[in-house]
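The values are calculated or read from the model by the stated rules, or taken from the named source; none is laboratory data. Small disclaimer: the values here were computed from a predicted structure and weren't measured. For neighbour counting, all protein chains shown are included, and Cβ atoms are generated from backbone atoms with ideal geometry for every residue, glycine included. Protein only, heavy atoms only, side chains kept; ligands, DNA and RNA dropped before computing areas. Shrake-Rupley method; radii C 1.70, N 1.55, O 1.52, S 1.80 Å.
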Amino acid sequence: MSASTSTSTAASQDACYISLLGLAEYFRTSQPPNIKKCIQCLQALFTFMPPSKVEARTHLQMGQILMAYTKNIDLARQHLEKAWSISEPLPNFDVKFDTASLLAQLHLQTDRNSHQAKAMLRRAVELSQNNVYWHCKLLLQLSQIHASDREYSLASELLAVGAESADEASATYLKVLFLLSRAMILMIERKTNDVLALLNSAGQIIDNNIPNPHQKEYLKVFFLVLQVCYYLALGQVKTVKPSLKQLQMSIQTIMAPNWPSDEAIFGANQLEMFVWLPKEQLYVLVYLVTVSHSMMAGYMDKAQKYTEKALTQIEKLKQQEDKPILSVFKVILLEHIVMCRMVMGNRELAIREIAAARDVCMAAPQRSLLRRHSAQLHCLIGLYSMSTNLFEHAERQFVVCVSETSERDLKLFANLNLAIIYLRTKRDTDLKQILDAVSTENTHTYSSQALMGGFYYVQGLHAFHKNSFHEAKRFLRETLKMANAEDLNRLTSCSLVLLSHVFLSIGNSKESMNMVTPAMQLASKIPDIHVQLWGSAILKDLHRMSKDVQHEKDAYANHVKYSENLIADQRKCVQSAHHELVNWFQGDPPVTSGPPAAPVLLMPESSVTASVPVIASTSAAMQPAGQYGQFY
């Protein structure tokens, strides 16, 4: 064959490839798409025995289309594996990296086989040393899988490698993303000092070395979310306020109508084509951390208001595209609102919303959300069972929660509630055992003001039950010191009302009144019906002792009102179909039918797929605030 004939044949084949690829794209983008003909065009291309690179790329395209538009996952896998086997040995050919990334996703979706996904990505990471974009993208994907498997040290190491790679390529924006992602992983590991060092380092770079103002604002939101979560993890509700306010201002800037689209901000430079979360999801996340702060501070009305707004925003986003992260946000928000309802005495609403959280978890592919949130659901049902005086059920729920979770704060939270159950059911041996265990495990290592304040509160309650009033005062003053330092209002009100009861028990009516008065003021602001019920009983006794008949009548009337509200709500609870959830101790939760959760479209709207690991829902922020007979 002459050279001219060979050239002519090659040109003819190239024209066929281009024509078939053009036709395939035409059918794919038609309205509606004609995927069958698109696939037929790509399949026809193989009959021309194309060069290796064309063949590999076509197999990749077939795999992508089959994954996106069909349920034929096995065929998609075959094409992707063929693309990988052809492209892996070819130098300077990016198809291998795209293929490895998709195959890893496929392994996770179909087999939940993270071992195969990790092996595939590790090989691709090795091969991508000279391609900074793909090297960093694959490192992020691999670290996300390790984080999802709770292999946090490995995830952290990979993110450190990514930060170095970005630094060597002078990709400052990308380097900061890696630093903040690593800080997030270290936060989950509770490596407090390391988190602070990384946040300080990233913060300085954001302030001084990010020239693009829009990218700078995005990084600032990521940084501030982590900073707020850092302070909340330490129970520092007062300390966090300036950071939270700054975060709320930053998200308003990003959501302004004149703010450029994400594509315009991140589409110019390949090494800047990474974003933690789209701005619409960041908006929901800021609501979520605001709800968490309001819960910890004891502002239930605020927490409810922001939860309703966040849930409304989630439903809007789901109508556009139902991203998995939105379900994660929804579950965490529902977990928060459940605790608000119980504090306010709306337990029937609480069990409806527990059922709603269950439904979201059950709807997620392969029960992935249920696996991550099962312990939290058991904990919430335990709190609900306590509030309806089902102590045996509550105990079993908390025991299941402790056995299922590896998170120290959730375990401590459940154990403190178990301690109160043992107090109320007079099981002194079990109580001593659990308090000793909590003390040994947490006193010197746990740094959350909120949870440690709760621990002292439970010890004060224990001392009160033993009539060790001096010891009770000592523990409760320690609780008050911690609560007042960080504006933990609910913990303050609970401690004050218990201290008031202590002083009443030793006949010091003046000090008892000095404690119960601010307790009731705080309880009405929260509002906390349980503290109000308890405080009104104390006030009735105090006014009776001082022979103040009118105030005694008023206090008694309030006590009756709070009591009747709780009794009426209790009747609704036991009649609810969702009440059956108290009997769920293993496996999938039962399906219950009943009225849906309260509608969320109540207020007018106001003005962790991410490229990096998302702080997702390893636990809801179950922050403490004790009360007589219950701790949530």
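Brief remarks on what is shown
- Only listed residue being in a helix (DSSP H, G or I), β-branched (Val, Ile, Thr), open to solvent by less than 30 Å² (accessible area, probe 1.4 Å) and over 30 Å from ASP167 (Cβ atoms), chosen from VAL289, VAL284: VAL284
- Flag for PHE97 being assigned to a loop (DSSP other than H, G, I, E, B) and out of contact with any Leu (no Cβ under 6 Å at 6 or more places or on another chain): no
- Those residues of the stretch 394-412 which are open to solvent by less than 20 Å² (accessible area, probe 1.4 Å) and among the small types (Gly, Ala, Ser), in sequence order: ALA394
- Some residue of the stretch 30-48 being touching a helix residue (DSSP H, G or I) at 6+ places or on another chain (Cβ under 7 Å), open to solvent by less than 40 Å² (accessible area, probe 1.4 Å) and not in a helix (DSSP H, G or I): no
- The residues on offer are GLN304, GLN270, and the sole one that is surrounded by fewer than 23 Cβ atoms within 10 Å (Cβ to Cβ), over 30 Å from LEU451 (Cβ atoms) and of a type outside the set (Ser, Thr, Tyr) is GLN270.
- Listed by position, the helices (runs of 4 or more DSSP H) contained in the stretch 167-264 that have at least 2 residues being among the polar types (S, T, N, Q), surrounded by 15 or more Cβ atoms within 10 Å (Cβ to Cβ) and within 22 Å of the chain's Cα centre (by Cα) are 241-254.
- Qualifying positions in the stretch 136-166 - of a type in the set (A, V, I, L, M, F, W, C) and within 20 Å of the chain's Cα centre (by Cα): LEU140, ILE145, ALA147, ALA155
- Failed item in (1) modelled with pLDDT of 95 or more; (2) within 30 Å of LYS137 (Cα to Cα); (3) not aliphatic (A, V, I, L, M), with GLN319 passing the rest: (1)
- The set of residues in the stretch 152-174 being of a type outside the set (A, V, I, L, M) and more than 17 Å from ASP194 (Cβ to Cβ) consists of SER165, ASP167, GLU168, SER170, THR172, TYR173.
- Boolean, HIS107 is in a helix (DSSP H, G or I) and within 25 Å of ALA147 (Cα to Cα): yes
- Long-range neighbours under 9 Å by Cβ, at least six apart or interchain, first residue assigned to a helix (DSSP H, G or I) within the stretch 388-408, second charged (D, E, K, R): PHE391/ARG424; CYS401/LYS411; VAL402/LYS411; ARG408/ARG190; ARG408/GLU441
- Test: MET452 is open to solvent by less than 60 Å² (accessible area, probe 1.4 Å), among the hydrophobic types (A, V, I, L, M, F, W, C), at pLDDT below 90 and under 20 Å from SER495 (Cβ atoms): yes
- Restricting attention to the stretch 346-370, the residues that are more than 17 Å from HIS578 (Cβ to Cβ), open to solvent by 40 Å² or more (accessible area, probe 1.4 Å) and outside any helix (DSSP H, G or I) add up to 0.
- Residues considered: ALA472, ALA419. Of these, the only one that is within 29 Å of HIS578 (Cβ to Cβ), of a type in the set (Gly, Ala, Ser), part of a helix (DSSP H, G or I) and over 23 Å from the mean Cα position of the chain (by Cα) is ALA419.
- Every residue from the stretch 485-508 that is polar (S, T, N, Q) and surrounded by 16 or more Cβ atoms within 10 Å (Cβ to Cβ): ASN489, THR492, SER493, SER495, SER500
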